[in-house]
Amino acid sequence: MTSRKEICMEAAEQKQHRAGFVAVVGRPNAGKSTLVNKLVGEKVAIISDRPQTTRNRILSILSTAEAQVIFLDTPGLHKPQDKLGEHMVRAAEGAIQDVDLVLYVVDASEKFGKGEETILERRRNSCRVPAILVLNKIDQLGDKSRLLPIIARFQKEYDFKTVVSLSALEDTDFSALLEEIIGCLPYGPDFYPEDMYTDQPEKVMAAEIIREKVLQLTRDEVPHAVAVQVQEMKTRDNGMVYVRADLFVERDSQKAILIGNKGSMLKEISKRARLDIEDLVGSRVYLELWVKVRPKWREKEGDLKRLGLASDHNQY
């Protein structure tokens, strides 16, 4: 039985401990996923130099003695070109609801444009959650004095709680940003076990790893037309994890690119993905990939739902 003293000590700890949800938003390719991975210390979201890499809301958890921060990494806010894009934007906008803080990540090397104006206007009109402006990719600025007019421009448009400049790719110390984030969270106990760093099932993470390799190895029309679904993932008697996944594309020409000459491209995708999946599951992996054509899957609600890219799958 828990003693009165233990109950009082636990209550006192909760008054000092903070926990809350932080939505990470911004335009495509601003470096949101790279930043979240660095803050959490685990590779939860896949990354590439391609815009709109993240398609769903991804929950990443950082637990320390002082706080538990639950990051909601979202798809980049952009003008949708298809139904998949519409669901991605809906997931990003939906993540802002009922969170305790918004991290607005901006590529500091890009000019302030219509995209930023639209995002800030939406925030002024619909969101009362405090926001921290994160100016990312400052390593690409060259002259750091260029930061001052950028900060002034954003602060003119929106009342940010604070502004932090950094390079998610190059920096190794993010304590200043974490201190600002934790200071904005309410007091309370953890929402998740302290050893948990994401809510993504292993099958979903394995599928994203495979898609990341497609993004890294292919160009032009292929990356955004690819969806990956792990159909089977089980541990065999010899301890090896068997993974079978389908790669869906929209045209035969895209299928040919993914397979490559005598299967060379598919073999390289499989080789790179297998190594990362082995790190994920902590065991040897046998990876089997199949490329299939599903015409115009990005425009079909049924396909998007079957692939976990629409509606309820984007909610938390």
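Find the centroid of the Cα atoms in the stretch 176-198 and in the stretch 206-269, then give the distance between the two in whole Å.
If we compute the Cα centre of each part, the gap is 35 Å.
Would you kindly find the accessible area of residue 306, with a 1.4 Å probe and non-protein molecules such as ligands, DNA and RNA excluded, rounding to the nearest 10 Å²?
About 150 Å², ignoring ligands and nucleic acids.
Rolling a 1.4 angstrom probe over the protein heavy atoms, how many square angstrom per residue are accessible across the stretch 180-316?
So the stretch 180-316 comes to 53 Å² accessible per residue, rounded to a whole number.
At a 1.4 Å probe radius, which order do 33, 264 fall into by accessible area, largest first?
Details: 33 15, 264 60 Å².
Highest to lowest solvent-accessible surface, that is 264, 33.
Along the stretch 258-274, what does the Karplus equation 6.51 cos²θ - 1.76 cosθ + 1.60 (θ = phi - 60°) give for ³J(HN,Hα), rounded to whole Hz, x for Gly and Pro?
5, 6, x, 5, 6, x, 5, 5, 5, 5, 5, 4, 4, 4, 5, 5, 4
Through the Karplus equation 6.51 cos²θ - 1.76 cosθ + 1.60, θ set to phi - 60°, convert the phi angles of the stretch 100-113 into ³J(HN,Hα) values in whole Hz; use x for Gly and Pro.
With the stated coefficients, the stretch 100-113 comes to 9, 7, 10, 9, 9, 8, 10, 6, 5, 7, 9, 6, 5, x Hz.
Quantify how much of the Cα-Cα distance distribution of the stretch 238-307 extends past 13 Å, in percent.
Here the tail beyond 13 Å accounts for 69 percent of pairs.
Just need the Rg to Rh number for the stretch 168-212, please, alpha carbons only, Kirkwood Rh.
Working: Rg = 15.2 Å, Rh = 13.9 Å.
Rg divided by Rh gives 1.09.
Where the accessible area of the stretch 119-171 is counted over protein heavy atoms with a 1.4 Å probe, how much of it, in %, is carbon and sulfur? Show your work: numbers first, answer last.
Details: 1400 of 2970 Å².
The C+S portion of the solvent-accessible surface of the stretch 119-171 is 47 percent.
Could you order the peptides 100-109, 166-175, 246-255, 227-236 from most to least packed, using the average number of other C-beta atoms within 10 Å per residue?
For the peptides 100-109, 166-175, 246-255, 227-236, the packing ranking is 100-109, 246-255, 227-236, 166-175.
What is the set of long-range amide H partners of residue 162 at a cut-off below 5 Å, with H atoms built 1.01 Å from backbone N?
133
Volume per residue, Å³, of the convex hull around the alpha-carbon atoms of the stretch 175-250?
Roughly 194 Å³ of hull volume per residue.
Largest first and in whole Å, what are the equivalent-ellipsoid semi-axes of the stretch 111-196 based on the Cα gyration tensor, each being the root of 5 times an eigenvalue? Let's see the in-between values first.
Numbers: eigenvalues 132, 81, 25 Å².
The answer is 26, 20, 11 Å, longest axis first.
Using θ = phi - 60° and the Karplus relation 6.51 cos²θ - 1.76 cosθ + 1.60, list the HN-Hα couplings for the stretch 155-167 in order, rounded to whole Hz, with x at every Gly or Pro.
Each residue of the stretch 155-167 in turn: 5, 5, 8, 8, 8, 6, 5, 7, 10, 10, 10, 6, 10 Hz.
In what sequence, highest mean first, do 20-28, 210-218, 138-146 appear when ranked by Cβ atoms within 10 angstrom?
20-28, 210-218, 138-146
The values are calculated or read from the model by the stated rules, or taken from the named source; none is laboratory data. Keep in mind that what you see is a predicted model, and the values were worked out from it rather than measured. Cβ sites come from the backbone with ideal geometry, for glycine too, and all protein chains shown count toward neighbours. Please note that ligands, DNA and RNA were not included when accessible areas were found on the heavy atoms of the full protein model with its side chains. Shrake-Rupley method; radii C 1.70, N 1.55, O 1.52, S 1.80 Å.
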